[in-house]
Every structure is written in structure tokens, then in C-alpha cells.
Amino acid sequence: MTDDQTTTGTLRSVLRDIRAVDGAVYGAVAATPTPTLDTAFRRLSAAADHSKISFTVAAALALVPGRPRRAALAGVGAIAVASASANLLGKRLVHRRRPDREAARVVVGRHVPMPASASFPSGHTASAVAFATAVGSVLPHATLPLATLAWTVGYSRVHTGVHYPGDVAAGALLGIASAGVSLAALSWLTSGEK
């Protein structure tokens, strides 16, 4: 056996173990009864469709000149980068199947419509984290509430059964990177305004 074959075999084993942990965490969330939280997470997950929550916050911020308006622009730019990266690249490259909610016995009261797109990465999470990171970089006092909202949106996607935790983690990383791209672009575009 060559070194390349050993490395490939090890990588496959690690990926198999990660998928096993990912599936086990998904199953544990599905099996945990949370009737008080089910409706709230279902509503939050639906409200985050098409970044409606983030766009609403951005619209409010855009009404205030100066740093809030700049934060809104950075946040919307980050959503654009994250959404394009997740939906046009990530999902098309990875082709991960959505979880089987019925097999995992996800409570019907948690269900949101199952998207037809691939599961990896979570676009909802990527966009929410991108927005929170970009806005928080410009308006530090907004970091904690927006980050809490973004992570709750990410969790809601697992809770409702439409994503594995690994999809959410990848979406979060993509969101952070997207915020960096948006902030760099905004800095470059506004560098002549000083």
C-alpha cells in the first residue's frame, strides 16, 4: 500500500466518522421532546426564509445615517456573497441529501417545508451568520443580539429536521468568510470617501 492510498483510506475513515457523529447529533435532536420550543423554532426557521429577518434589520439600520447605514450595506453585501456561495456553489458541488425526517421521527409539529435543494451547506445559516458578522464588525454593540439570532436560526434548521448539524456548521463558516469578503469590498469602495 502506498502513502497516497493510506492517506486516502484515513481521510475516508475520518469523513465516515464525522458523518456518523453528524447523524447521531441530528437523531438526538429529533428524539428530544421539546413541545414548548417546537412552534417557536418552526416559526423562526420560516421567518428566516430568504433572509427576511436580516433584511428587515438592514432596512431599519439604513434609515440612520453614518455607521448604521454602513453596517446595513455591509450586512446586505454579506448576505449576497453567502447566499450565492451556498446555493450556487456549495450545494451544487457537494450534493448532500436532506435528512430523512420520517426515519428520524422528527415531530410533525416541528416541520417546515423540506427544501428541494441539497443539504450542504445551510444557506439560512450562512446568510444569518454573514449578516450578523458583517453588521457586528461595523456596529460592535449589535454583535451579541445578531449573533444569538444567527445561531438560533442555524439550530432551528436542525430542530425542524431540514439540515444536519454539519450543514449548519459549514454554513456558519461560509457566513463568516462571506462577511469578510463584504467588509473588504465595502472598505475598498468607500476608501476614496475619506
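Give me the pairs: first residue in the stretch 23-48 and open to solvent by 50 Å² or more (accessible area, probe 1.4 Å), second residue polar (S, T, N, Q) and outside any helix (DSSP H, G or I), beta-carbon distance under 9 Å, and six or more apart or on different chains, which are they?
If the second residue must be polar (S, T, N, Q) and outside any helix (DSSP H, G or I), the pairs left are R42/T160.
Which residues, counting only those in the stretch 108-140, are surrounded by fewer than 18 Cβ atoms within 10 Å (Cβ to Cβ) and among the β-branched types (V, I, T)? Show your work before the answer.
If we filter the stretch 108-140 for residues that are surrounded by fewer than 18 Cβ atoms within 10 Å (Cβ to Cβ), which is where we start, we get 108-109, 111, 113-117, 140.
V108, the sole residue that qualifies.
Of the conditions (1) charged (D, E, K, R); (2) in a helix (DSSP H, G or I); (3) closer than 24 Å to G161 by Cβ, R98 satisfies every one except a single condition; which number is it?
In the conditions (1) charged (D, E, K, R); (2) in a helix (DSSP H, G or I); (3) closer than 24 Å to G161 by Cβ, R98 misses (2) alone.
Residue check: is S51 at positive phi, within 17 Å of the chain's Cα centre (by Cα) and modelled with pLDDT of 95 or more?
yes
Does any residue of the stretch 176-192 turn out to be buried (at least 21 other Cβ atoms within 10 Å of the Cβ) and either farther than 20 Å from A71 by Cα or of a type in the set (D, E) (or both)?
Among the residues of the stretch 176-192, not one is buried (at least 21 other Cβ atoms within 10 Å of the Cβ) and either farther than 20 Å from A71 by Cα or of a type in the set (D, E) (or both), which makes the answer no.
Which one of the conditions (1) within 24 Å of T39 (Cα to Cα); (2) without any contact (Cβ under 8 Å) to a residue 60 or more places away in the chain; (3) touching a Gly at 6+ places or on another chain (Cβ under 8 Å) does A130 fail to meet, given that it meets all the rest?
Unmet condition: (1).
Restricting the search to the stretch 101-123, which residues are assigned to a loop (DSSP other than H, G, I, E, B) and among the small types (G, A, S)?
Across the stretch 101-123, the qualifying residues are A116, S117, A118, S119, S122.
For A150, which of the numbered conditions (1) buried (at least 22 other Cβ atoms within 10 Å of the Cβ); (2) touching a residue at least 40 places away in the same chain (Cβ under 8 Å) fails to hold?
(2)
Only residues that are aromatic (F, W, Y) and either in contact with a Leu (Cβ under 6 Å, 6 or more places away or on another chain) or over 19 Å from V168 (Cα atoms) (or both): list them for the stretch 5-59, please. Quick ask: steps written out before the conclusion?
Residues of the stretch 5-59 that are aromatic (F, W, Y), as a first pass: 26, 41, 55.
Correct list: F55 only.
Inspect all residues belonging to the stretch 64-81 and state whether any of them is open to solvent by 60 Å² or more (accessible area, probe 1.4 Å), among the aliphatic types (A, V, I, L, M), without any contact (Cβ under 8 Å) to a residue 40 or more places away in the chain and in a loop (DSSP other than H, G, I, E, B).
Within the stretch 64-81, one or more residues are open to solvent by 60 Å² or more (accessible area, probe 1.4 Å), among the aliphatic types (A, V, I, L, M), without any contact (Cβ under 8 Å) to a residue 40 or more places away in the chain and in a loop (DSSP other than H, G, I, E, B).
Check V94 against each of (1) at pLDDT below 95; (2) open to solvent by less than 30 Å² (accessible area, probe 1.4 Å); (3) in contact with a Phe, Trp or Tyr (Cβ under 8 Å, 6 or more places away or on another chain); (4) of a type outside the set (S, T, Y) and name the one condition it does not meet.
Of the numbered conditions (1) at pLDDT below 95; (2) open to solvent by less than 30 Å² (accessible area, probe 1.4 Å); (3) in contact with a Phe, Trp or Tyr (Cβ under 8 Å, 6 or more places away or on another chain); (4) of a type outside the set (S, T, Y), the odd one out for V94 is (2).
The values are calculated or read from the model by the stated rules, or taken from the named source; none is laboratory data. Everything quoted here is computed from the prediction, not taken from an experiment. As a convention, Cβ positions derive from the backbone with ideal geometry for all residues, glycine included, and neighbour counts pool all protein chains shown. When the accessible area is computed, the model is the full protein with side chains, heavy atoms only, and any ligands, DNA or RNA have been set aside. Shrake-Rupley method; radii C 1.70, N 1.55, O 1.52, S 1.80 Å.
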